[in-house]
Structure formats: structure tokens, C-alpha cells
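Below is one structure; the comments refer to it alone.
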């Protein structure tokens with residue numbers, strides 16, 4: 001991960017806007033500002049560092065909250081006067097606890113099914129890690145792999161029955177349940193959605209007959 005400082009255009013205050021995006025979902029998490037020093041620290045530590053305009057000081061994202069952002073790539077725009085920072089976040093980006101600073105909590109509109117699945121996977125990962133009380137996902141992880149597989153089998157059967165009975169609304173609901181439990185299984189086994197995507201791409205490029 002490198003970026004050529006001499007090709008970047010900092011403003012009169014020595015700052016450049018940094019648009020922080022989730023590396024998998026491409027969801028915009030926040031807009032912050034970097035100066036040459038915070039950018040250098042970002043490259044060195046592979047975690048986001050910014051310049052706080054309100055406090056007039058450097059700040060390391062997640063230093064107190066633990067919600068750090070591992071930097072995967074830095075992408076200057078064509079004019080060199082803005083940066084896109086692709087990150088793998090360890091928690092919410094916003095100080096309010098929201099996933100994104102642009103999420104007011106009133107909607108859950110994502111652009112594609114792919115993004116929705118990625119966000120669901122991330123949520124399930126967080127549940128597996130933190131195990132909050134009262135969460136059904138936490139319950140599944142606490143019970144272990146056998147319970148997850150049992151539920152997956154039940155949801156598969158219910159999906160088949162709904163399809164056989166020609167019940168569209170019921171089938172949609174059962175498929176949604178099945179997809180959720182599949183993601184729980186993937187998280188439990190440590191398999192990422194990117195690995196599934198790679199296998200599907202491999203089959204497609206291999207000239208399969210899907």
C-alpha cells in the first residue's frame with residue numbers, strides 16, 4: 001500500500017478529503033480529512049489516521065473505542081485532490097454507533113443484493129465475536145455447529161415444502177431464512193463470501209454449463 005505524496009494536492013490548510021469505504025460492500029462509512037503526517041501514519045500502521053479540524057490534532061480511528069479500520073487500499077482521484085480509503089472495519093464507523101456516518105437508522109437501503117449479503121455476513125461475524133445476550137445468532141453460535149447444521153436442515157426442508165406447494169410468499173420467506181442460516185454456517189466455519197464468489201467465478205470462467 002503506497003501513495004505518492006508529491007502527486008497529491010493538499011488544500012491551503014494542508015488537508016485532503018478522505019472518503020472511507022468498506023472494502024467489501026463499498027458502503028461509504030465516513031468523510032474525514034488527512035494531512036501529510038496522518039497519511040504517513042496511515043500508510044505505516046495500515047490503520048486510518050486523520051486530522052481533526054475541530055480539535056486541531058491528529059487522531060487514530062478506534063484509539064479509544066476499539067473500532068479501528070484496517071486499510072486495504074488508498075486510491076487518489078484523477079486530480080490528486082481527494083482520496084478513497086478502502087478499509088476492513090473492526091466496528092461501527094460513526095461515533096453514534098451506526099455502521100456509517102451516513103446511516104440515520106431509518107432505512108436499510110443497499111444498492112445490490114451482493115452488498116446486502118456482505119453486510120449480513122459482517123453482522124453475523126460481529127454476533128459470533130461479541131455474543132450479545134438475547135440474540136438468536138448468538139444462541140446458534142453458543143449451541144455450536146451441530147445446532148447450526150440442524151437448523152440449516154430444517155430450513156432446507158421448509159424451503160422445499162414451500163416450493164412444492166407453490167406458495168410464493170412462503171417460499172420467499174423460507175429462502176431468506178435459508179440464506180441467513182447458510183451465512184451463519186460460513187461464519188462458523190471461517191469461510192468468507194469472497195471464497196464463494198471466487199468458486200462461482202472459477203466455474204463460470206472454466207466454461208461450465210450452469
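Kindly indicate whether residue 114 is at pLDDT below 95, out of contact with any strand residue (DSSP E or B) (no Cβ under 8 Å at 6 or more places or on another chain), assigned to a helix (DSSP H, G or I) and surrounded by fewer than 13 Cβ atoms within 10 Å (Cβ to Cβ).
Numbers: at pLDDT below 95: yes; out of contact with any strand residue (DSSP E or B) (no Cβ under 8 Å at 6 or more places or on another chain): yes; assigned to a helix (DSSP H, G or I): yes; surrounded by fewer than 13 Cβ atoms within 10 Å (Cβ to Cβ): no.
No: the conditions fail for residue 114.
Tally up the residues in the range 72-95 that are exposed (fewer than 12 other Cβ atoms within 10 Å of the Cβ) and not assigned by TED's automatic domain parsing to the domain that holds residue 21, please.
Taking the range 72-95 as the starting set, the residues that turn out to be exposed (fewer than 12 other Cβ atoms within 10 Å of the Cβ) are 78-79, 95.
Going one step further and asking which of them are not assigned by TED's automatic domain parsing to the domain that holds residue 21, we end up with 95.
Residues in the range 72-95 being exposed (fewer than 12 other Cβ atoms within 10 Å of the Cβ) and not assigned by TED's automatic domain parsing to the domain that holds residue 21: 1 in total.
Within the range 49-70, how many residues are within 19 Å of residue 26 (Cβ to Cβ) and in contact with a helix residue (DSSP H, G or I) (Cβ under 6 Å, 6 or more places away or on another chain)?
Number of matching residues: 0.
Would you call residue 65 within 20 Å of the chain's Cα centre (by Cα), farther than 25 Å from residue 192 by Cα and touching a residue at least 24 places away in the same chain (Cβ under 8 Å)? Walk me through how you get there before you give the answer.
Working: within 20 Å of the chain's Cα centre (by Cα): yes; farther than 25 Å from residue 192 by Cα: yes; touching a residue at least 24 places away in the same chain (Cβ under 8 Å): yes.
Here the answer is yes, as residue 65 does meet what is asked.
Looking at the range 195-210, which of its residues are in contact with a helix residue (DSSP H, G or I) (Cβ under 9 Å, 6 or more places away or on another chain) and within 28 Å of residue 144 (Cα to Cα)?
Once the filter is applied, which keeps residues that are in contact with a helix residue (DSSP H, G or I) (Cβ under 9 Å, 6 or more places away or on another chain) and within 28 Å of residue 144 (Cα to Cα), the range 195-210 yields 195, 196, 197.
Assuming residue 162 fulfils every condition listed in (1) in contact (Cβ under 8 Å) with a residue 40 or more places away in the chain; (2) over 20 Å from the mean Cα position of the chain (by Cα) apart from one, which condition is it?
Tallying (1) in contact (Cβ under 8 Å) with a residue 40 or more places away in the chain; (2) over 20 Å from the mean Cα position of the chain (by Cα), residue 162 fails exactly one: (1).
Does the range 124-146 contain any residue that is within 21 Å of residue 25 (Cα to Cα), touching a strand residue (DSSP E or B) at 6+ places or on another chain (Cβ under 9 Å) and outside the structural domain of residue 30 (by TED's automatic domain parsing)?
no
Return yes or no: is residue 85 at pLDDT 90 or above, under 24 Å from residue 121 (Cβ atoms) and in contact with a strand residue (DSSP E or B) (Cβ under 8 Å, 6 or more places away or on another chain)? Steps first, answer last, please.
Numbers: at pLDDT 90 or above: yes; under 24 Å from residue 121 (Cβ atoms): yes; in contact with a strand residue (DSSP E or B) (Cβ under 8 Å, 6 or more places away or on another chain): yes.
Yes; evaluated as a whole, the condition is true for this residue.
Return the residues of the range 165-180 that are touching a helix residue (DSSP H, G or I) at 6+ places or on another chain (Cβ under 8 Å) and either in contact (Cβ under 8 Å) with a residue 40 or more places away in the chain or more than 24 Å from residue 137 (Cβ to Cβ) (or both); say none if nothing qualifies.
Applying the first criterion (touching a helix residue (DSSP H, G or I) at 6+ places or on another chain (Cβ under 8 Å)) to the range 165-180 yields 170-171, 173-175, 177-180.
Residues satisfying the conditions are 179, 180.
The values are calculated or read from the model by the stated rules, or taken from the named source; none is laboratory data. The structure presented is a predicted model; accordingly, all values stated were derived computationally and were not measured. Note that each Cβ is placed from the backbone with ideal geometry, even for glycine, and that neighbours are counted across all protein chains shown.
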